[in-house]
Amino acid sequence: MDKFIRHTGSAVPLRRSNVDTDQIIPAVYLKRITKSGFEDGLFAAWRNDPAFELNQPQYKSATILVAGPDFGTGSSREHAVWALQNYGFKVVLSSRFADIFRGNSQKAGLLTVILPQEEIEKIWKEIESKPETSITVDLQAKKVSYGSTSLDFVIDDYTRWRLMEGLDDIGLTFTKIDQVSSFEEKRASFKPKTLPIR
Amino acid sequence: MKGKVEMGKTLAEKIWAEHVVSSTAGEPDLLYIDLHLIHEVTSPQAFDGLRLANRKVRRPDLTIATEDHNVPTLNIDKPIADPVSKLQVDTLRKNCAEFGVRIHSLGDVEQGIVHVVGPQLGITQPGMTIVCGDSHTSTHGAFGALAFGIGTSEVEHVLATQTLPLIRPKTMAINVEGTLKPGVTSKDIILAVIAKIGTGGGQGYILEYRGSAIRALSMEARMTICNMSIEAGARAGLIAPDQTTFDYVKGKPHAPTGADWDLALAYWKTLVTDYDAKFDKEINLNADELAPFVTWGTNPGQGLPLSASVPNPAEISNAEDRGAAERALEYMDLKPGTPLKSIRVDTVFLGSCTNGRIEDLRSAAEIIKGKKIATSLRLLVVPGSARVRLQAESEGLDKIFLDAGAEWRSAGCSMCLGMNPDQLKPGERAASTSNRNFEGRQGKGGRTHLVSPLVAAATALKGTLASPADL
């Protein structure tokens with residue numbers, strides 16, 4: 001996973017609430033067995049509409065998605081995170097993320113930042129009137145800034161550290177693998193096993 | 001008395017505490033996973049990750065795979081026609097063979113939707129931690145297990161370590177007291193819960209469904225409720241195990257036997273929320289007041305009793321909800337004020353991990369028996385597993401559906417998410433017993449109304465959204 005310290009880029013507004021992962025990437029695109037190439041399926045149904053924000057030339061180079069509340073609800077498909085990353089997004093801002101989507105994004109290195117809805121509204125207005133607005137998302141300082149505005153955001157220290165170091169979660173757990181073995185020795189005998197087949 | 005008085009624990013907190021391998025201040029808890037269910041769609045990249053890092057599956061004996069999401073429900077004895085689906089299914093088979101994981105493939109009697117297969121094999125039991133790369137893993141919470149959906153990175157993590165680092169969610173009690181009226185089902189309870197708290201209401205919580213109306217439900221009805229916890233925003237939802245649970249598990253292929261049964265039962269009986277435990281939030285619902293529910297919009301929180309009319313967005317005060325309602329009505333091609341019962345549908349889908357179990361098929365068949373479905377629509381009946389299909393056939397349910405003019409299919413996720421050929425055409429409208437009415441979920445341009453199996457059956461006969469009482 002790439003390290004994430006800070007990112008500066010332009011942003012695209014997505015003024016919709018409850019954007020579920022079926023909208024982010026429809027199921028028909030989930031048949032691939034790789035983690036790449038999902039950008040063509042990103043918001044597939046909406047991208048047929050020339051008026052859709054991602055199709056507008058002024059937002060073509062955006063790397064920050066400014067989404068409505070309850071972004072990423074529904075299916076657990078991590079393909080939604082990969083599709084956003086494959087397309088070029090580094091950060092998603094929203095007032096509320098669905099739990100599984102947020103977890104997936106933090107595993108895969110897509111930064112999801114929670115800001116109050118009134119601040120999201122202000123950013124929407126700013127980038128709608130001035131699409132070239134540059135936004136900096138600083139994970140080290142836990143700040144989102146643009147123009148003269150600077151906003152603090154909250155993220156737990158552990159996740160922040162892991163993202164900033166680009167650390168693989170599995171590698172970290174392997175440092176505690178002896179504790180896993182001890183735990184296994186104490187598991188109850190009645191707990192079911194899938195093998196041998198009964 | 002020495003030390004401080006321990007507060008009681010909720011059921012979710014008890015199961016969590018039992019599975020903590022390692023806990024460090026400022027870090028997520030490392031939680032042991034008792035059972036990992038896998039399927040073809042969210043696992044290939046995880047197995048690739050293992051290969052790249054030269055890792056193996058730590059506990060193949062706590063892992064099981066089934067093919068469900070993209071498999072066809074017709075001609076399952078022939079090779080899968082779609083080459084991309086076939087590659088994904090073949091990849092799962094190869095990965096399971098390479099890493100020693102048990103798999104139930106298309107054509108196997110234990111094949112089916114992963115959340116139907118676990119309970120019927122008896123590998124879903126009270127007090128367990130259960131994960132799967134599928135958000136409807138919450139289904140298994142019906143047994144008093146802590147069960148939740150995970151992404152592919154987490155699938156790889158569990159395959160490699162049989163653990164997951166997780167921050168413990170808060171707990172919310174959903175109290176449902178009273179008695180359901182005839183024709184009202186557990187599907188209507190959960191749709192009413194979601195309409196009440198919204199699709200984000202359960203974010204950050206584990207839900208516990210409690211109260212006399214929940215206790216009165218069968219195991220399969222409880223699974224329907226827990227299944228849709230994710231539609232309320234909660235990763236997990238559970239119900240304390242009781243005699244109904246123990247009776248259901250007993251005798252299943254992987255249920256404990258002999259002395260192990262006694263040990264298990266003694267433990268399972270401790271799996272209740274303590275009387276002095278405190279939930280972070282509580283929601284109350286009166287079962288006596290509930291009616292058959294149906295969704296009118298494009299998220300599962302946009303639902304109303306079937307006797308209501310399509311809402312008028314202009315009357316919704318919250319701007320965010322108003323905008324969502326306007327967009328939803330445009331997509332659904334519905335006008336405010338239209339009685340829900342006047343809405344015509346083209347397809348009725350009976351199946352999915354929400355409502356594809358034998359009781360669901362029985363209850364729908366009872367309504368349909370001896371009658372014909374409306375000539376204007378098709379009724380697709382897709383059992384949740386090959387075993388459910390066989391059981392239904394042994395009871396003659398297939399004949400009831402076929403005689404009525406329905407299609408009787410093989411097991412899989414099917415039209416719930418339209419990854420296989422079972423899809424709505426653009427503009428088509430469905431009454432569906434599944435769990436999501438998202439735009440295009442059941443096929444590009446398709447429109448979905450979520451309903452119970454009883455409403456699905458009545459709608460199939462009438463041609464418009466209906467409950468059995470309307471027939």
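The values are calculated or read from the model by the stated rules, or taken from the named source; none is laboratory data. What you see is a predicted model, and the numbers here were worked out from it, not measured in a lab. FYI the Cβ positions are ideal-geometry reconstructions off the backbone, even for glycines, and counts take in every protein chain you see.
Structural remarks
- Considering only residues in region B:15-29 that are surrounded by 21 or more Cβ atoms within 10 Å (Cβ to Cβ) and within 26 Å of the chain's Cα centre (by Cα), the one that is nearest to the other protein chains (Cβ to nearest Cβ) turns out to be B:HIS19.
- In region B:181-196, residue surrounded by the fewest Cβ atoms within 10 Å (Cβ to Cβ) [restricted to those that are assigned to a loop (DSSP other than H, G, I, E, B) and in contact with a Pro (Cβ under 8 Å, 6 or more places away or on another chain)]: B:GLY183
- Which listed residue, of B:THR137, B:THR129, is facing chain A (nearest Cβ under 10 Å), crowded, with 23+ Cβ neighbours inside 10 Å, among the hydroxyl-bearing types (Ser, Thr, Tyr) and in contact (Cβ under 8 Å) with a residue 40 or more places away in the chain: B:THR137
- Evaluation of A:GLY166 against (1) modelled with pLDDT under 95; (2) within 16 Å of the chain's Cα centre (by Cα); (3) facing another protein chain (nearest Cβ under 10 Å) (one fails), failing number: (3)
- Counted residues, region B:433-467 - those being more than 14 Å from chain A (Cβ to nearest Cβ) and either surrounded by fewer than 24 Cβ atoms within 10 Å (Cβ to Cβ) or not in a loop (DSSP other than H, G, I, E, B) (or both): 13
Rundown of residues vs (1) modelled with pLDDT under 95; (2) farther than 27 Å from A:SER181 by Cβ; (3) in contact with a Lys or Arg (Cβ under 9 Å, 6 or more places away or on another chain), yes/no style:
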{"position": "B:HIS104", "(1), (2), (3)": "no, yes, no"}
{"position": "B:GLU110", "(1), (2), (3)": "no, yes, yes"}
{"position": "B:GLY118", "(1), (2), (3)": "no, no, no"}
{"position": "B:ALA142", "(1), (2), (3)": "no, yes, yes"}
{"position": "B:THR161", "(1), (2), (3)": "no, no, yes"}
{"position": "B:PRO165", "(1), (2), (3)": "no, no, no"}
{"position": "B:ALA173", "(1), (2), (3)": "no, yes, yes"}
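- Exactly one residue out of A:ALA80, A:ALA98, A:ALA62 is farther than 28 Å from B:VAL131 by Cα and modelled with pLDDT of 95 or more, and it is A:ALA62.
- Residues considered: A:GLY103, A:GLY171. Of these, the only one that is in a helix (DSSP H, G or I) and at pLDDT below 95 is A:GLY171.
- Scanning region A:174-190 for residues that are part of a loop (DSSP other than H, G, I, E, B) and over 25 Å from B:GLY151 (Cβ atoms) turns up A:LYS186, A:ARG187, A:ALA188, A:SER189, A:PHE190.
- Single residue of region A:67-93 satisfying the filter (free of Cβ contacts under 8 Å to residues at least 40 places away in the same chain and closer than 17 Å to A:THR8 by Cα) that is surrounded by the most Cβ atoms within 10 Å (Cβ to Cβ): A:VAL92
- From the options A:LEU42, A:LEU30, residue that is under 17 Å from B:GLY443 (Cα atoms) and under 16 Å from the mean Cα position of the chain (by Cα): A:LEU42
- Where strands (runs of 3 or more DSSP E) sit wholly within region A:1-87, none has at least 2 residues that are under 25 Å from B:PHE148 (Cα atoms) and not hydroxyl-bearing (Ser, Thr, Tyr).
- When B:ASP34, B:ASP48, B:ASP77, B:ASP82 are checked against the criterion of being modelled with pLDDT under 95, out of contact with any Asp or Glu (no Cβ under 7 Å at 6 or more places or on another chain) and at the interface with chain A (Cβ under 9 Å from one of its Cβ atoms), B:ASP82 stands alone in meeting it.
- Scanning region A:81-102 for residues that are at the interface with chain B (Cβ under 9 Å from one of its Cβ atoms), over 8 Å from the mean Cα position of the chain (by Cα) and not basic (Lys, Arg) yields A:TRP82, A:PHE97, A:ALA98, A:ASP99, A:ILE100.
- Enumeration of residues in region B:436-458 that are farther than 18 Å from B:GLN302 by Cβ and in contact (Cβ under 8 Å) with a residue 40 or more places away in the chain: B:PRO453, B:LEU454, B:ALA456, B:ALA457, B:ALA458
- Hey, A:LEU115 within 14 Å of another protein chain (Cβ to nearest Cβ), among the hydrophobic types (A, V, I, L, M, F, W, C), surrounded by 15 or more Cβ atoms within 10 Å (Cβ to Cβ) and touching a helix residue (DSSP H, G or I) at 6+ places or on another chain (Cβ under 9 Å) or not: no
- Checklist (1) within 14 Å of another protein chain (Cβ to nearest Cβ); (2) not β-branched (Val, Ile, Thr); (3) not in a strand (DSSP E or B) applied to B:ALA240, failing item: (1)
- Of all residues in region A:183-198, those satisfying the criterion of being closer than 14 Å to B:TRP261 by Cβ and either among the hydrophobic types (A, V, I, L, M, F, W, C) or more than 7 Å from every other protein chain (Cβ to nearest Cβ) (or both) are A:ALA188, A:PHE190.
- Qualifying residue in region B:197-208 (condition: within 14 Å of another protein chain (Cβ to nearest Cβ), under 14 Å from B:GLY144 (Cα atoms), in contact with a helix residue (DSSP H, G or I) (Cβ under 9 Å, 6 or more places away or on another chain) and surrounded by 21 or more Cβ atoms within 10 Å (Cβ to Cβ)): yes
- Residue among B:THR171, B:THR179, B:THR185, B:THR139 that alone is under 30 Å from B:ALA365 (Cα atoms) and in contact with a strand residue (DSSP E or B) (Cβ under 8 Å, 6 or more places away or on another chain): B:THR139
- Number of residues in region B:106-120 that are outside any strand (DSSP E or B) and touching a strand residue (DSSP E or B) at 6+ places or on another chain (Cβ under 8 Å): the value is 9.
- Filter pass, A:GLU132 being under 30 Å from A:ALA51 (Cβ atoms), assigned to a loop (DSSP other than H, G, I, E, B) and in contact (Cβ under 8 Å) with a residue 12 or more places away in the chain: yes
- None of A:ILE177, A:ILE135, A:ILE100, A:ILE123 is of a type in the set (A, V, I, L, M), surrounded by 18 or more Cβ atoms within 10 Å (Cβ to Cβ) and under 25 Å from B:TYR32 (Cβ atoms) except A:ILE100.
Residues checked against (1) touching an Asp or Glu at 6+ places or on another chain (Cβ under 6 Å); (2) within 14 Å of chain A (Cβ to nearest Cβ):
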| position | (1), (2) |
| --- | --- |
| B:GLY211 | yes, no |
| B:ILE225 | no, no |
| B:SER229 | no, yes |
| B:THR244 | no, no |
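- Residue in region B:39-46 that is in contact with a helix residue (DSSP H, G or I) (Cβ under 6 Å, 6 or more places away or on another chain) and more than 30 Å from B:LEU87 (Cα to Cα) present: no
Residue by residue, here is whether (1) without any contact (Cβ under 8 Å) to a residue 40 or more places away in the chain; (2) outside any loop (DSSP other than H, G, I, E, B); (3) closer than 15 Å to B:ALA147 by Cα holds:
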{"site": "B:ALA25", "(1), (2), (3)": "yes, no, no"}
{"site": "B:LEU31", "(1), (2), (3)": "no, yes, yes"}
{"site": "B:LEU37", "(1), (2), (3)": "no, yes, yes"}
{"site": "B:PHE47", "(1), (2), (3)": "no, yes, no"}
{"site": "B:ASP61", "(1), (2), (3)": "yes, yes, no"}
{"site": "B:ASN75", "(1), (2), (3)": "yes, no, no"}
